[in-house]
1. Mind scanning Lys111/Lys152; Lys125/Lys157; Lys70/Lys160; Lys13/Lys160; Lys13/Lys152; Lys13/Lys157 and naming the pairs with a C-alpha gap bigger than 23 Å?
2. So how do 100-109, 11-20, 53-62 stack up, highest first, on mean other-Cβ count within 10 Å?
3. For the chain, what relative contact order do you get, as a whole percent, if you take Cα pairs closer than 8 Å and at least 6 residues apart?
4. Report the convex hull volume per residue for the chain, counting only C-alpha atoms, in Å³.
5. Share of antiparallel DSSP beta bridges in segment 3-175, in percent to the nearest 5?
Amino acid sequence: MFTLYIDADSCPKNLRTILLRCIVKNDYAAFFVADRPLKDVQTAYEQHTAKLRSEAGQQGITDVRSITSKIENIVVEADMDSADNWIVDNATLPCLAVTHDIPLAARLVEKDIPTIDDRGGVFTKESMAQRLSIRNAMKEFREMGIFSEKHKPMGPKETKAFSDALNTMLHRLTVKQ
């Protein structure tokens, strides 16, 4: 079964909405990993479960209690890399991971787990050394007070780039199966 692993601690709500729609439409399994329960993910789980049970009932299946959505909100301890560690320890192919966290992406790419970021960028083994180097340099500059990093706000252009990258990667990965 194709599965999505989402680093939900840093995933904006509008992107979670896109992911949830895609997951329900394509009947993927999904793990939204965060240090807190996510109301939108829980609501999607409940609505998808109700839909699946209704469809099963219409097909004459009488015991629908065991039918549930494959959307899960994994709540981990609020420790520094708890969500990252859970994703790395549990991600198995065929899958796609979504994260903004470059060190987590490096760990996943090292395991050959296809990974995209929240701006539509695709992480690859070839690009990870450069991305880690830039990230570490920027971190050092911030710690020295030389540079204050400002993220470009998530607007329609960034949301579309994410949605396009998600669709492209899912098509590429699921056609291979």
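1. Over 23 Å apart, Cα to Cα: Lys111/Lys152; Lys125/Lys157; Lys70/Lys160.
2. Working: 100-109: 20.2, 11-20: 18.0, 53-62: 10.9.
Peptide ranking by packing, descending: 100-109, 11-20, 53-62.
3. That works out to 22 percent.
4. Given the Cα convex hull of the chain, per-residue volume reads 131 Å³.
5. Taking every DSSP beta bridge within segment 3-175, about 10 percent pair in antiparallel fashion.
Since every read-out is calculated from the coordinates, none of them should be taken as a lab result. Note that the structure is a prediction, hence the values are computed from the model and not measured. Virtual Cβ from ideal backbone geometry, glycine too; neighbours counted across all protein chains shown.
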